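Accompanying notes for the structure given below.
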Amino acid sequence: METAEQVISTDLAVRYAEVRKRTEQICSPLQTEDYVVQPVVDVSPPKWHIGHTTWFFETFILKPYFMGYQEYNPEFNYVFNSYYETVGARVIRTNRGNLSRPTVLEIYRYREYVDEAISKFLCGDIADDVKELLVLGLNHEEQHQELLYTDIKYILGNNPLFPAYSKEYVSPKVKWVDNGKFIEMAEGVYEIGFKGDGFCFDNELNRHKVYLNDFEISPNLVTNAEYLEFMNAGGYHDFRHWHAEGWDWVKNNKVEAPMYWHLIDEDWYQYSYHGLGPLNPHEPVCHISYFEAYAFAAWKGLRLPTEFEWEAAANQFTWGKSWEWTESSYLPYPGFAKAPGAIGEYNGKFMVNQKVLRGASEVTPPGHSRITYRNFFQTNLRWQFTGIRLAK
């Protein structure tokens, strides 16, 4: 008869296999050449993601806790370390696309080697703190699954031929509130942050109270048609709607439309996983920066919600199609404390010069869509699935 500890280890083994398989399924439509491309600094080559997520388990689970484990290749720590100062030097982010070696085949061999070792490791007794590390590793890989989707879209969407990623990809439908009446929220004290026994990231802790004035929030995301009105009204050419930094960004980068929009013979087209096709005016606008979200809201005479307003109201509207920009800076919650060692570098050191996004996107992995999840990006970035919900 299995003990409780053995059952937990078995469950972890099953989940580990499922997560690792899903990563490979995301990459299955790619050609070998697609794995190597890095068009911009924010987009990593798919083969780097495959290697980095494997490196995480080797570095933080196998090397310190699996007696007798033989490291696959000592050079891989330098190649696949992302930003962990604690574990040594690394290839700088801009050079990930220069890594023609190790080959895609070799990285998949590395992945198989580590997976086999983890399978053996999970047959033994595992301390609770190591199980927590393993669960963090699985959630870390799932975050990279979303990054794989967005990075692959950028790689193929900036190919002059606009090749499709997969004709079988299905974009989820959006539940739409026809009357568009804003949801009214009463002033008062609201509890914010993760509550429960399941997994969460450290930036979702600690649960705490915030006072909110009364506010209203839209039940719907802003659509392509609504955003096109902003464009046609000269929104990208009127400094009055923009922060000074945002206005500089527009001018310096000659921004005229959301990412993946293309004006062809006076008609707008949009790149998707199916390739280049006519813009759907009824879909939520996507792949926009915080600068653009703010400017659109200002043009409408409205604003973006704070992350606390968003969380307080989220049970009253449908979310999950795209990450939603908020007006909140990415900062620690009261009582936040970084974990010791490399794991403490996971979230805390990024709590500066970034804005919080709430919700989830159509490529967010299963189990990562929760009201308390705090995503975060710099104000100029838009390769992620990012959209707009208005408040007042």
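The values are calculated or read from the model by the stated rules, or taken from the named source; none is laboratory data. None of these values were measured; they are calculated from a predicted model. Positions of Cβ are backbone-derived with ideal geometry, glycine not excepted, and every protein chain shown enters the neighbour counts. Each accessible area value is taken on the protein alone, full model and side chains, heavy atoms only, with ligands, DNA and RNA left out. Shrake-Rupley method; radii C 1.70, N 1.55, O 1.52, S 1.80 Å.
If a residue must be open to solvent by less than 60 Å² (accessible area, probe 1.4 Å), in a loop (DSSP other than H, G, I, E, B) and modelled with pLDDT of 95 or more, how many such residues does the range 175-204 contain? Of the residues in that region, 3 qualify.
Only one entry of 169, 165, 113 meets the criterion of being in a helix (DSSP H, G or I), more than 24 Å from residue 340 (Cβ to Cβ) and modelled with pLDDT of 95 or more, and that entry is 113. For the range 324-341, a residue qualifies if it is in contact with a strand residue (DSSP E or B) (Cβ under 9 Å, 6 or more places away or on another chain), open to solvent by 50 Å² or more (accessible area, probe 1.4 Å) and in a loop (DSSP other than H, G, I, E, B), and the qualifying residues are 331, 334, 335. With respect to the conditions (1) closer than 14 Å to residue 65 by Cβ; (2) of a type in the set (D, E, K, R); (3) open to solvent by less than 20 Å² (accessible area, probe 1.4 Å), residue 153 lacks only one, and its number is (1). If the condition is being loosely packed, with under 13 Cβ neighbours inside 10 Å and acidic (Asp, Glu), then the range 212-247 contributes 214, 245. Per the listing 167, 181, 173, the residue uniquely over 30 Å from residue 36 (Cα atoms) and in contact (Cβ under 8 Å) with a residue 12 or more places away in the chain is 181. Just to verify a result, which residue in the range 85-110, among those that are among the aliphatic types (A, V, I, L, M) and modelled with pLDDT of 95 or more, is most open to solvent (accessible area, probe 1.4 Å)? That would be 105.
Among 18, 116, which is surrounded by fewer than 19 Cβ atoms within 10 Å (Cβ to Cβ), more than 20 Å from the chain's Cα centre (by Cα) and more than 28 Å from residue 157 (Cα to Cα)? Outline the logic, then answer.
Working: 18 fails: more than 20 Å from the chain's Cα centre (by Cα).
None of the others qualify; the one that does is 116.
The set of residues from the range 342-354 being open to solvent by 60 Å² or more (accessible area, probe 1.4 Å) and at pLDDT 95 or above is empty. Annotation note: Cβ proximity below 8 Å between a residue of the range 27-52 that is assigned to a loop (DSSP other than H, G, I, E, B) and a residue that is open to solvent by 50 Å² or more (accessible area, probe 1.4 Å) and among the charged types (D, E, K, R) (sequence gap 6+ or interchain) occurs for 41/93; 44/93. Only residues that are in a loop (DSSP other than H, G, I, E, B), surrounded by 18 or more Cβ atoms within 10 Å (Cβ to Cβ) and among the polar types (S, T, N, Q) were counted in the range 355-379, giving 4. Among residues of the range 305-321 that are at pLDDT 95 or above, those with a beta-carbon under 6 Å from a residue that is acidic (Asp, Glu) at least six positions away or on a different chain give the pairs 306/327; 321/362.
Taking the criterion of being of a type in the set (Asp, Glu) and in contact (Cβ under 8 Å) with a residue 12 or more places away in the chain, the residues of the range 98-139 that qualify are 115, 125. Taken as a whole, the range 278-297 holds at least one residue that is farther than 27 Å from residue 194 by Cα and free of Cβ contacts under 8 Å to residues at least 12 places away in the same chain.
Would it be correct to say that residue 82 is of a type in the set (Gly, Ala, Ser), open to solvent by less than 30 Å² (accessible area, probe 1.4 Å) and in a loop (DSSP other than H, G, I, E, B)? Considered against the rule, which asks whether it is of a type in the set (Gly, Ala, Ser), open to solvent by less than 30 Å² (accessible area, probe 1.4 Å) and in a loop (DSSP other than H, G, I, E, B), residue 82 comes out as yes. When you look at residue 43, is it touching a helix residue (DSSP H, G or I) at 6+ places or on another chain (Cβ under 7 Å), at pLDDT 95 or above and open to solvent by 40 Å² or more (accessible area, probe 1.4 Å), yes or no? No.
Of the strands (runs of 3 or more DSSP E) lying entirely inside the range 228-323, those carrying at least 2 residues that are within 26 Å of the chain's Cα centre (by Cα) and hydroxyl-bearing (Ser, Thr, Tyr) are 267-272. Against the conditions (1) modelled with pLDDT of 95 or more; (2) under 29 Å from residue 37 (Cβ atoms); (3) surrounded by 19 or more Cβ atoms within 10 Å (Cβ to Cβ), residue 71 satisfies every one except (3).
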